1. Could you grab me the full set of residues in the range B:177-200 that are among the charged types (D, E, K, R) and in contact with a helix residue (DSSP H, G or I) (Cβ under 7 Å, 6 or more places away or on another chain)?
2. Can you say whether A:Arg149 is closer than 30 Å to A:Asn53 by Cβ and of a type in the set (D, E, K, R), as far as the supplied structure shows?
3. Name the residue that is farthest from the other protein chains (Cβ to nearest Cβ), counting only residues in the range A:38-68 that are closer than 15 Å to A:Asn130 by Cα and polar (S, T, N, Q).
4. Mind telling me which of the residues B:Val135, B:Val127 ends up being surrounded by 13 or more Cβ atoms within 10 Å (Cβ to Cβ), within 15 Å of the chain's Cα centre (by Cα) and over 17 Å from B:Arg79 (Cβ atoms)?
5. Only residues that are surrounded by 12 or more Cβ atoms within 10 Å (Cβ to Cβ) and not small (Gly, Ala, Ser): list them for the range A:155-173, please.
6. Could you list all residues from the range A:117-131 that are away from every other protein chain (no Cβ under 14 Å) and in contact (Cβ under 8 Å) with a residue 40 or more places away in the chain?
7. For A:Thr157, which of the numbered conditions (1) touching a Phe, Trp or Tyr at 6+ places or on another chain (Cβ under 7 Å); (2) closer than 20 Å to A:Asp111 by Cβ; (3) at pLDDT 95 or above fails to hold?
8. Is one or more of the residues making up the range B:3-24 under 19 Å from B:Pro107 (Cα atoms), buried (at least 22 other Cβ atoms within 10 Å of the Cβ) and modelled with pLDDT of 90 or more?
Number of protein chains: 2
Amino acid sequence: MATNIVWHQHEVDKQRRGAAKQQKPCVIWLTGLSGSGKSTIANLLEKKLAEHNKHTYLLDGDNVRHGLCGDLGFSDKERVENIRRISEVSKLFVDAGLMVITAFISPFQEDRDYCRGLLEAGEFIEVFINTPLEVCEKRDPKGLYQKARQGDIKDFTGITSPYEAPKAAEIVLEYSGQSAEESAEQLFALLQLKGYLAHA
Amino acid sequence: MATNIVWHQHEVDKQRRGAAKQQKPCVIWLTGLSGSGKSTIANLLEKKLAEHNKHTYLLDGDNVRHGLCGDLGFSDKERVENIRRISEVSKLFVDAGLMVITAFISPFQEDRDYCRGLLEAGEFIEVFINTPLEVCEKRDPKGLYQKARQGDIKDFTGITSPYEAPKAAEIVLEYSGQSAEESAEQLFALLQLKGYLAHA
């Protein structure tokens, strides 16, 4: 396959774009169970970054599952391909100079590491939304746990499909009764501290 | 499949991003034979848009084929899936407020129309790089026509795989001895004329 591929050096590159925006292009990868608060925290973080004139893009299970990965189901194999495509798209967005926020369950360490491996050092920020299963199941914002318990959804993470907690996430947002706003603040503070919001 | 999908309304939207950049997010879709000049023109256009502080991203066969579509070959079916994924990614970039330039042979009208159909009116600009096969084959910048003629590449557009010329492209860049710079200028002028470079 693919003997007819030659690499082009593009004229406008990542550094140039990032510098123009006063931000360090990166992927802020939120992982956690369904109902852990990923999408809520991601939206709040994106809003906060926009207020600081940062250019972000939010990829989540909902918008990607309707389009790019609309052909994929939820088996282990399809989940892997789902995350692979999201990782590749995230890399393109980073190359375009954006701060990408992803909000996917992304249950497997190997897949998250795949995305990390595509990027340069410091460009991948793994954020573990460590909300316990009991809390997620109690919240059940989309009624999915109930469906999973009833057997209406196959391969549901935490119930009938495994979740591998991150081993070395850049940040762990512990569930301790703190609000989504507070979690987003904490994440924003980390980005600021680590120099992502002012490109050298 | 996919019964557990709920659509999220994102907080930061296309209009807000486009307005901030003084540009109309869109896909500038270059189509034409291998060697027609797509990548060269795309790079020159991107450079020119960057000089005018527009935020662009260039997707081409080379960078996408190594990553997102690295699992796909060049059969008709795989070409369709290749263009489908590129279309979906282009839509995400437009949603992120960028002007996307794509440089793919994209030989089938139906596939180009698929991308058009994903977008809102005026967001898809089909650009036909109408360089005759004889000229492309004579140029043969990557030596691919020679390989195709020798039978070393299967399914090569224009030789062993069809190319469907656009029926109603927004612009046709005719081959008449004009340089790639002149073609890029012509395209840039169209974008300016049609109001893509100053968002209302």
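1. Applying the first criterion (among the charged types (D, E, K, R)) to the range B:177-200 yields B:181-182, B:185, B:194.
B:Glu181 - this is the single residue of the range B:177-200 that is among the charged types (D, E, K, R) and in contact with a helix residue (DSSP H, G or I) (Cβ under 7 Å, 6 or more places away or on another chain).
2. Working: closer than 30 Å to A:Asn53 by Cβ: no; of a type in the set (D, E, K, R): yes.
Answer is no for this residue.
3. At the first step, the residues of the range A:38-68 found to be closer than 15 Å to A:Asn130 by Cα are A:38-42.
Add one more test, that the residue is polar (S, T, N, Q), and what stays is A:39-40.
Details: A:Ser39: 6, A:Thr40: 9 Å.
Taking the candidates together, the pick is A:Thr40.
4. B:Val127
5. Initial filter on the range A:155-173 (surrounded by 12 or more Cβ atoms within 10 Å (Cβ to Cβ)): A:155-161, A:163-166, A:169-173.
Of everything in the range A:155-173, those that are surrounded by 12 or more Cβ atoms within 10 Å (Cβ to Cβ) and not small (Gly, Ala, Ser) turn out to be A:Asp155, A:Phe156, A:Thr157, A:Ile159, A:Thr160, A:Tyr163, A:Glu164, A:Pro166, A:Glu170, A:Ile171, A:Val172, A:Leu173.
6. First, pick out the residues of the range A:117-131 that are away from every other protein chain (no Cβ under 14 Å): A:120-131.
A:Gly122, A:Glu123, A:Phe124, A:Ile125, A:Glu126, A:Val127, A:Phe128, A:Ile129, A:Asn130, A:Thr131, listed by residue number.
7. Tallying (1) touching a Phe, Trp or Tyr at 6+ places or on another chain (Cβ under 7 Å); (2) closer than 20 Å to A:Asp111 by Cβ; (3) at pLDDT 95 or above, A:Thr157 fails exactly one: (3).
8. In the first step, residues of the range B:3-24 are kept if they are under 19 Å from B:Pro107 (Cα atoms); the result is none.
No, the range B:3-24 contains no residue that is under 19 Å from B:Pro107 (Cα atoms), buried (at least 22 other Cβ atoms within 10 Å of the Cβ) and modelled with pLDDT of 90 or more.
The values are calculated or read from the model by the stated rules, or taken from the named source; none is laboratory data. Treat the numbers as computed from the prediction; the structure is a model and nothing was measured. Please note: Cβ atoms are built from the backbone with ideal geometry, for glycine as well, and neighbour counts cover all protein chains shown.
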